[in-house]
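The values are calculated or read from the model by the stated rules, or taken from the named source; none is laboratory data. Quantities reported herein were computed from a predicted structural model and do not represent experimental measurements. Positions of Cβ are backbone-derived with ideal geometry, glycine not excepted, and every protein chain shown enters the neighbour counts.
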Amino acid sequence: MGLVVSEMEAEGYRSLRRLRFPAERLTVFQGANGAGKTNLYRALQLIQAAAAGTLARELASEGGMASVLWAGPRSARAPARARLAVTLSPGEPAPGRFHYEVEIGMKAPVEAALPLEPRVKEERLSFLGQRRPVMLLARRGPALTVTDASGQRTQPEQDLMPAETALSAVRDAARYPDLDVVRQTLLDWRFYHDLRTDAASPIRRPSLAIATPTLASDGSDLAAVFATLVYVREDTADLDAAIEDAFPGAELIVPMPGQTAGFGVRFADFPHRVFDAAELSDGTLRYLALMGALLGYRLPAFIALNEPEASLHPDLLAPLARLIVRAAARSQVWLVTHSDALAAALAEAGGIVPRMVTKRDGATVLGDGSVDEDEDA
């Protein structure tokens, strides 16, 4: 595993008034509906969007800045902005870490822009670990400075629009290798929250027969992920164990792919019948999709799961917890849940203590390991 998330910060985004908290190999957030768990998940997803160049579009899809800014009281001296930041550290002991942050705000009166379009006000990427931080990227409005591979500060001829992020736009890997490392790390993250299981779900259909080491965020290439494990890795021990743990006596059937790949399940109650993906129950299919996300040939550096217990039978929560704990040995896992049963199963499987998510005066507050600072601090 390369760079991992060691700390996360969010300020002024929805219910996240001002939070800073460390991240572990397996971080579990538990709380009631409306406490702000999804905002924590979404904040990291927006940082990935900054690397992909889709941050403004993502914020616009949430209703624009008027909808995503902290709605509670704030200092009249402070501009109406949201700030998102992440610190990335090497997976093994090594000096130094990267800190990336981006501030987004409203259109200034004199700016030529669409009225409600999110604007990147400031953006910074620093390397921490020497006597003084090394500023790798500094952007304030249209002004941009980037440190190149020789350590020289340059001003790239980059015509940035106010809604664009510099991290996504400056793409010279040879000249700016640190920017490329951080960007590629963020783009490798996977967020699994929309694993649809309805009749029209892409998970229920065959997928193109292409070697697929990592499950797509929508699960659409699940059949190819299973085929890659069976016919490329040629090792089904983990798959077999996960199926037996969840559905005793069952067998995952993955035929040799042709132009497309498919899969089915043979259950103990029906030993002569294979139920293909289109026939499986919503809960069974969702569990299989989570297997694909957590047992892939190559896991991403970071996996985020938003309420993975949805649609699952209570008997599947303990097997799911064991899957998650095993995956955390290969990747960093971030989990949001409101299920006491899943939290208890994670505690039993890996000794994981969830961070409780609550609200105080409209602001999301975390339990152990967080810093919740006053607005005027």
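Restricting the search to the range 146-174, which residues are without any contact (Cβ under 8 Å) to a residue 60 or more places away in the chain and within 28 Å of the chain's Cα centre (by Cα)?
Scanning the range 146-174 gives VAL146, THR147, LEU160, MET161, PRO162, ALA166, VAL170, ARG171, ASP172, ALA173, ALA174.
Is it the case, given these coordinates, that ARG42 is more than 15 Å from MET356 (Cα to Cα) and either outside any strand (DSSP E or B) or not small (Gly, Ala, Ser) (or both)?
Values: more than 15 Å from MET356 (Cα to Cα): yes; either outside any strand (DSSP E or B) or not small (Gly, Ala, Ser) (or both): yes.
The answer is yes for ARG42.
Take LEU144 and decide whether it is part of a strand (DSSP E or B) and under 20 Å from MET106 (Cα atoms).
So LEU144 fits the description; yes.
GLU157: part of a loop (DSSP other than H, G, I, E, B) and under 15 Å from ALA52 (Cα atoms), yes or no?
no
Before we move on, is SER15 under 15 Å from VAL357 (Cβ atoms) and more than 15 Å from the chain's Cα centre (by Cα)?
Taking the combined requirement at face value, the residue satisfies it.
Taking the condition of being farther than 24 Å from ALA23 by Cα, among the small types (Gly, Ala, Ser) and within 19 Å of the chain's Cα centre (by Cα), how many residues in the range 61-90 meet it?
Total meeting the criteria: 1.
From the list ALA329, ALA345, which residue is out of contact with any Pro (no Cβ under 8 Å at 6 or more places or on another chain), of a type outside the set (D, E, K, R) and part of a helix (DSSP H, G or I)?
ALA345
What are the pairs, 6+ residues apart or on separate chains, where a residue within the range 3-18 that is acidic (Asp, Glu) has its Cβ under 6 Å from a residue that is surrounded by fewer than 21 Cβ atoms within 10 Å (Cβ to Cβ)?
If the second residue must be surrounded by fewer than 21 Cβ atoms within 10 Å (Cβ to Cβ), the pairs left are GLU7/PRO22; GLU9/ARG20; GLU9/ALA85; GLU11/ARG18; GLU11/ARG83.
Just to check your reading of the model, which residue among PHE247, PHE275, PHE263, PHE270 is exposed (fewer than 15 other Cβ atoms within 10 Å of the Cβ) and farther than 30 Å from GLY2 by Cβ?
PHE270
For the range 102-128, what are the residues that are over 18 Å from GLU58 (Cβ atoms) and modelled with pLDDT under 80?
ALA108, PRO109, VAL110, GLU111, ALA112, PRO115
Across the range 156-200, what is the number of residues that are under 17 Å from ARG124 (Cα atoms) and either surrounded by 17 or more Cβ atoms within 10 Å (Cβ to Cβ) or not hydrophobic (A, V, I, L, M, F, W, C) (or both)?
From the range 156-200, those under 17 Å from ARG124 (Cα atoms) are 156, 158, 160-171, 176-186; that's our starting set.
Add one more test, that the residue is either surrounded by 17 or more Cβ atoms within 10 Å (Cβ to Cβ) or not hydrophobic (A, V, I, L, M, F, W, C) (or both), and what stays is 156, 158, 160, 162-168, 170-171, 176-180, 182-186.
The total comes to 22.
What number of residues in the range 278-289 are in contact with a Ser or Thr (Cβ under 7 Å, 6 or more places away or on another chain) and exposed (fewer than 14 other Cβ atoms within 10 Å of the Cβ)?
Counting residues in the range 278-289 that are in contact with a Ser or Thr (Cβ under 7 Å, 6 or more places away or on another chain) and exposed (fewer than 14 other Cβ atoms within 10 Å of the Cβ) gives 0.
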